[in-house]
1. Is one or more of the residues making up segment 182-202 touching a helix residue (DSSP H, G or I) at 6+ places or on another chain (Cβ under 6 Å), assigned to a strand (DSSP E or B) and of a type outside the set (A, V, I, L, M)?
2. Return the pair list, or none, for Cβ contacts closer than 7 Å from residues in segment 51-80 that are closer than 23 Å to A94 by Cβ to residues that are among the aromatic types (F, W, Y), at least 6 apart or on different chains.
3. Could you run through segment 271-286 and say how many residues are of a type in the set (K, R) and modelled with pLDDT of 95 or more?
4. Among the residues of segment 263-274 satisfying the criterion of being loosely packed, with under 13 Cβ neighbours inside 10 Å and in a helix (DSSP H, G or I), which is nearest to the chain's Cα centre (by Cα)?
5. Taking into account only those residues within segment 232-242 that are modelled with pLDDT of 90 or more and not small (G, A, S), which is surrounded by the most Cβ atoms within 10 Å (Cβ to Cβ)?
6. Out of everything in segment 169-191 that is over 16 Å from the mean Cα position of the chain (by Cα) and touching a residue at least 60 places away in the same chain (Cβ under 8 Å), what residue ends up being surrounded by the most Cβ atoms within 10 Å (Cβ to Cβ)?
7. Take the conditions farther than 25 Å from P305 by Cβ and not β-branched (V, I, T) and apply them to D194. Does it pass?
8. Could you list, in sequence order, the residues of segment 95-110 that are modelled with pLDDT of 75 or more, of a type outside the set (S, T, Y) and under 20 Å from V2 (Cβ atoms)?
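The values are calculated or read from the model by the stated rules, or taken from the named source; none is laboratory data. For clarity, every value in this text was computed on a predicted model and none was experimentally measured. Don't worry about glycine lacking a Cβ; one is built from the backbone with ideal geometry, like all the others, and counts go over all protein chains shown.
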Amino acid sequence: MVIKLGTSIVTNEVGGFSTERIGPIAREIAVLKREGRQVVLESSGAVGLGAGRLGLPRERRNDVVTKQACAAVGQSLLMHAYEQLFRSYDITIAQILLTEDDFADWQRYQNLRRTIYPIMVPACEKDGFKIPSRVLEHEVVSRGIEAFVLSNPCNPTGSVIRGEELRRYLEIARDFRMTLVLDEFYSHFIYDPDGSPGLGPVSGAAFVEEVDKDPVLLIDGLTKSFRYPGWRIGWAVGPAAMVETLGRAASAIDGGPSQPIQRAALEVLKPERAESESQALRQVFARKRNLMAGRLKEMGIRCSPEPEGTFYCWASLKELPAPLNDGETFFRQALKHKVITVPGVFFDVNPGKRRHATSNFRSWMRFSFGPTEDNVREGLDRLEKMLTDARSV
């Protein structure tokens, strides 16, 4: 949870720290901490406190140099006041100072990211490599997760959270004020369990109740579903304040796409054209999906689950003869036959390299049916020959 306090809240009428106003807020933060919530307090007030200590009226602190001087004096006063307040609740505080340059400079941005502690929530084969909503709720309650990022449909597994499960995800976000970030770049690649094209895209937007209140951010673009990767167009839908912050950060990093490309994107996204392209995409990719899943099964490579979305097959090599039952060995041998696959260990999320055990995905592989149908057939023929040769030795 992020709590923002402006100078008018932090300081009193004479330019001092307003314990009367901040005291009750500190008490509520202590309650939230005891409930297991993680709290970030974004506080102004350094300039105001410094001006109060220096006796400078508001009309004398308009230039940058004076404001910097006030901040230099007021920063220590601000932190001392907060330290005194939170000490009574046995809460240790720390300070992080950020500027726009921390987002514009790549190295500084990486340093900033390292201050955020990521928590991995594993997706298991028994659940179809999905995270059930009951598991998500348990993780939020027991570990105090404040934000959850999910690729849906998921790269590399091809799994999809939809229907009532997706509704529960958004309810959990609302109930626990957890920011839910859904990467929906593959949202139009949807297939029914029998492999037929899905009726339409899957999106968390269907279950958003109030855009500006629900802590949900939906991210999408033209790269995957609309097959315009070179345009580099993407968008985010969510609360206005959140989107505004994203816009400021993005403008500092790369400035955004050109105006002509944005105008062209509006034509692509006109409902009638977008729906036509979306339906055609599912027809073509469902056919390639069934081709690949069927051929891999014949080779002894098991898709688990068969793709519900994306254009990837997430498959187990465990039933293949050694050493081709190892993902990295399979990858190197397939390269000799001019076929590119991606070993499962490359997708094994391990924040901070805290887990030292052998990856659970050494015998898993991601296969893509993104290329043309002729290329997919040729690639499968080459893999089949590679396996046939290996079994005949």
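1. Yes, segment 182-202 contains a residue that is touching a helix residue (DSSP H, G or I) at 6+ places or on another chain (Cβ under 6 Å), assigned to a strand (DSSP E or B) and of a type outside the set (A, V, I, L, M).
2. L77/F17
3. Of segment 271-286, the ones of a type in the set (K, R) are 273, 282.
Next, only the ones that are modelled with pLDDT of 95 or more stay: 282.
Adding up the residues that qualify gives 1.
4. Among them, the one singled out is L266.
5. First, the residues of segment 232-242 that are modelled with pLDDT of 90 or more: 233-240.
Of the ones still in play, those that are also not small (G, A, S) are 233, 235, 237, 239.
Values: I233: 22, W235: 13, V237: 18, P239: 17.
So the residue we want is I233.
6. Narrowing segment 169-191 to residues over 16 Å from the mean Cα position of the chain (by Cα): 171-172, 174-177, 188-191.
Retained after the next criterion (residues that are touching a residue at least 60 places away in the same chain (Cβ under 8 Å)): 177, 188-191.
Working: R177: 11, H188: 26, F189: 28, I190: 25, Y191: 23.
Once the filter is applied, the top-ranked residue is F189.
7. Numbers: farther than 25 Å from P305 by Cβ: no; not β-branched (V, I, T): yes.
Spelling it out, it is not the case that D194 is farther than 25 Å from P305 by Cβ and not β-branched (V, I, T).
8. Q95, I96, L97, L98, D102
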